[in-house]
1. Every residue in segment 52-84 that is closer than 28 Å to Leu13 by Cβ, among the aliphatic types (A, V, I, L, M) and surrounded by fewer than 21 Cβ atoms within 10 Å (Cβ to Cβ), please.
2. Is it true that some residue in segment 685-693 is modelled with pLDDT of 80 or more, in contact with a Leu (Cβ under 7 Å, 6 or more places away or on another chain) and closer than 25 Å to Asn264 by Cβ?
3. Tally up the residues in segment 901-925 that are under 19 Å from Thr807 (Cβ atoms) and either in a loop (DSSP other than H, G, I, E, B) or of a type outside the set (Val, Ile, Thr) (or both), please.
4. Any residue in segment 694-705 that is at pLDDT 75 or above and surrounded by 13 or more Cβ atoms within 10 Å (Cβ to Cβ)?
5. I'm trying to understand the selection: among the residues of segment 492-501, which are of a type outside the set (A, V, I, L, M) and modelled with pLDDT of 85 or more?
6. Yes or no: Val729 touching a strand residue (DSSP E or B) at 6+ places or on another chain (Cβ under 9 Å), at pLDDT 85 or above and aliphatic (A, V, I, L, M)?
7. I'm trying to understand the selection: among the residues of segment 290-348, which are surrounded by 18 or more Cβ atoms within 10 Å (Cβ to Cβ), among the small types (Gly, Ala, Ser), at pLDDT 80 or above and not in a helix (DSSP H, G or I)?
8. Does Leu417 fit the bill of being crowded, with 21+ Cβ neighbours inside 10 Å, part of a helix (DSSP H, G or I) and of a type in the set (A, V, I, L, M)?
Amino acid sequence: MVEYKSQISDHSLPPQNVEAEELILGGILFDPRAISRVADLLSAEVFYAQAHGDIYQAALTLHQQGKPTDLMTVSAYLEDQHLLEKVGGVNRLAQLIERTVSAANIDRYAAIIIDKYLRRQLINAGQDIVTLGHDTTTELETVFEESEKKIFNLTQKRPQEGLVQIAQPLMNAFTEMEKMQQKLLLPGISSGFYDLDAMTSGFQRSDLIIVAGRPSMGKCLSAASEIVLEDGSIATIEEIYHRRQGKLLTLQDNWEFELTEPSNFIDDGIKPVFRLTTKLGRSIETTITHPYLTLDGWRQLSTLKPGVKIAVPRQLNLFGRQNLPDYQIKVLAYLLGDSSLTGFYPQFTHENGLFQEDFKSAASQFTGNKDELSFFRKNDNKTDNIGLKKIVFFGKNTQTKTIPSIIFKLKRSLISLFLNRLFATNAGATVLKTGQFQIGYCTLSERLARQIQHLLLRFGIIAALKRRKIKDKETEKMAFQLDITDAQSIKTFIEEIGIFGQESPQQKVQEALAQPRNKTNRHLMPANIWQTLAEVQDKESWNLDNLPLQQLAVYWDEIVSIEYIGEQQVYDLTIPKTHNFIANDICVHNTSFALNIAHNIAKEQKGVVIFSLEMSKEQLAQRLLASEAQIDSNRLRAGRFGQNEYEKLARALGLISSLPIYINDQGNISVAQMRSQIRRLQSEQKGELGLILLDYLQLMEGGTDNRVQELSRITRSLKVLAREVNAPVIALSQLSRAVEARTNKRPMMSDLRESGCLSGDSLIALADRRVRVPMRNLVGQSGFAVWALNESTMKLEKAMVSKAFCTGIKPVFRLTTALGRSIKATANHQFLTIGGWKRLDELKINDHIALPRYLSSLSLQSVSDPELALSGTTLAQENLSRKRANQAAQIGQLTAENLANSDVYWDKVIFLEADGETEVYDLTVSRLHNFIANNIIVHNSIEQDADLIIMLYRDEYYHPDSHDRGVAEVIIAKHRNGPTGQVKLLFKPEFTQFLNLQQSRSNY
């Protein structure tokens, strides 16, 4: 506000209307009853002139005290406050009355000066934003957040509704109570699931709800499953999990393969595993719930049986870029095909003179240090020796031979050369009297046969792998035969690969191929599939003339067996958008509950905002469409729906498009960005939101290396967001792997925590009581102090514990240090290392972890005199040198001075071993998030900020013969304002849809 001036002529002044202000004040002085009409609308700061604000404030104070606001009373009050002269004296107040004819239009004048006030505030906010923009020391995200907050706050400064006669709010309240009495209305927002609503009373506005489950629900592969990568190399899914990166093939909606990168790598523990084998001899080991691509879409293994056809790649056009000299490739192929590798040196044993000369010519080109290599000449019963470099498969017999990994990363032409010489040793091209033809290869090594089958697939050559018994002298052995019988595959083989030394038989096969009767049959779809396609498409034509099905990247292979092979370690990959990848040359698959809730809420015309950090907005829309239209989601995604389904699809499309659902599929979004977009949406839509959905929590990026603390900060921000926008926030989260280690697989609260736990006998140093107490004795207590490390100063400080609790019985490991410190902890509990906090299962022998040098509350050294004496003699070996201290300073963002003066001693890990199962415990420590246990600095648990925690469980995931197949349990593990328990829902995977198990209950 500014001092009042009678003449305002400067057009550069901020927006104001002094005359309207005078008429409001005059009306209040003229008619004391008028102030009641604007008291709820105006405050003193709304007035542009300082004097006008002081006069209004005096009148407002008197009004609130029940006193009149006439000239005499207001003058006396201002004089008592020593403000009368400042506002212009009694004469100024008299002038205001004289200029006022009536107080009838005081409401209109109030609206005018509020408008001017908000414009002035907007200008001030703009100036503040300019200042923020020039301040380059502030992070840009903070600048955006503060700038938007200033503008958003202005939009909230709206006039409040004043007195309302009781009749209308009374009727509104009675209507709501009547609906509740009739079970037509919940206190909160309905999820659309009756039993869940009965337990939660609906989702409450401003609540944070965590929906958690193990990722990739049951869709897992055995650790040894092999995947071809972008460079042509082969890696097991376990290797990819540990690398946390890799480009691999995925099947797109257009039925072609493209490269993609996993967005998540999942260790799903030990699971029952089944081996699926196809007619081509391809096999893969997965859990019973893993989906496979069939003509009817993705179907779980539990629903498949022998005779069903599944999609396998008909070509993997993926080659490397590496080179090897031709002579090396030839020698490798010959030795794999026909040689003895178990003696003191490799011996090439093939009798064919042409092959021997070719082999000798290639082998003679090796130079440098050589091992002896020989080849056998049958005609004179002699053995010639040749020098050769040591090769990787030396020492393997005929049953254990494998192709070296370098071969898979070679260029196309070099792999062709390798196969050409390999087939020369144990293969042949044949034309039978019936006119049938084939190319075959036989070996005693199953691993070698499968590797050759895969390399052929890269050229688009389909080979069937069969087992047959052969006699070797007096013993019977199992051989593995690769047969190529498909005409197109044989043509490709002869043109691109060929068989060295078998030109004449290949010529005969080519002549047989040219006969009109010899047409390929492997690239066509099976007859029953053509029939099904015709039914799906309402008898529309699907022949090769009007649709190039012959160029599809998949071949429909028949399942011949499904067998249980025991429990194994399994992994999975999350593939964005397509959600499938190629493993063992078979197409295999990889959040529906929360999306169903969002769908149900939107149907009530309550706005729903979805932040999808994994799936695209198109895929989310497709899932909603499949659920509403009741069409298999995989058929819908592939465009395989018939004319008779168009009506359902159109109806669902119209319904969903009218729903107030808003999607953002931007990756790595921050809570500040979410808040900004929601505020903008609220401003535009002028209505309340029904739900905010985040999929999912672990994909949100943070600004610190400590993931546990970062997730805690994110959840606190989400809780604040829920309060700000007055809508429930659902955040999807993953459960920890601890659930897989228990006999009872039902998830518990502790499975949601990313921090670990300690055994109950761990001794906790209490900062105020000068004692060490077993952790189990602290359960249920709070508000006590422990010692914790301030990582910015590397000094020990007191920190308060807000919660001490037991997290159940879990497998633990014993860690022992060079100084004899020992502690039992779960695999995911974190310890402070030179490079930051690390989980126990990430620690290695000789890693250094932090110990306190002393604990002042106990007046005791943490490291005893004998230990100090020992460390004095071994400091150079066991603790930090100056060089290593500087490295630690760089890694941990510490200064060398901090390290030198720190309260930390870096002790070496010398022993890590499994130590059975026991009850485990944890603490929640505010601010510093760590504490001292057994004289070792360990991380703490993070308090859950959620008001409601829901966990999903499907028994058939762990027990394929479960009576609850097709049923999902919704476990309410935490409910701040109500009971916990569980409800059951039907789950239809083909529609990605959850349904009520029973009809609507009579009461909530």
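1. Leu60, Leu83
2. So far as segment 685-693 goes, no, none of its residues is modelled with pLDDT of 80 or more, in contact with a Leu (Cβ under 7 Å, 6 or more places away or on another chain) and closer than 25 Å to Asn264 by Cβ.
3. Applying the first criterion (under 19 Å from Thr807 (Cβ atoms)) to segment 901-925 yields 914-925.
Then keep just the ones that are either in a loop (DSSP other than H, G, I, E, B) or of a type outside the set (Val, Ile, Thr) (or both); that gives 914-917, 919, 921-923.
Summing the residues that are under 19 Å from Thr807 (Cβ atoms) and either in a loop (DSSP other than H, G, I, E, B) or of a type outside the set (Val, Ile, Thr) (or both) in segment 901-925 gives 8.
4. The first filter runs over segment 694-705 and keeps only residues at pLDDT 75 or above, leaving 694-695.
Then keep just the ones that are surrounded by 13 or more Cβ atoms within 10 Å (Cβ to Cβ); that gives 694-695.
Within segment 694-705, one or more residues are at pLDDT 75 or above and surrounded by 13 or more Cβ atoms within 10 Å (Cβ to Cβ).
5. Correct list: Thr492, Phe493, Glu495, Glu496, Gly498, Phe500.
6. Numbers: touching a strand residue (DSSP E or B) at 6+ places or on another chain (Cβ under 9 Å): yes; at pLDDT 85 or above: yes; aliphatic (A, V, I, L, M): yes.
Judged against the criteria, Val729 is a match.
7. Ala311, Gly320
8. Details: crowded, with 21+ Cβ neighbours inside 10 Å: no; part of a helix (DSSP H, G or I): yes; of a type in the set (A, V, I, L, M): yes.
Against the criterion (crowded, with 21+ Cβ neighbours inside 10 Å, part of a helix (DSSP H, G or I) and of a type in the set (A, V, I, L, M)), Leu417 does not qualify.
The values are calculated or read from the model by the stated rules, or taken from the named source; none is laboratory data. Treat the numbers as computed from the prediction; the structure is a model and nothing was measured. Virtual Cβ from ideal backbone geometry, glycine too; neighbours counted across all protein chains shown.
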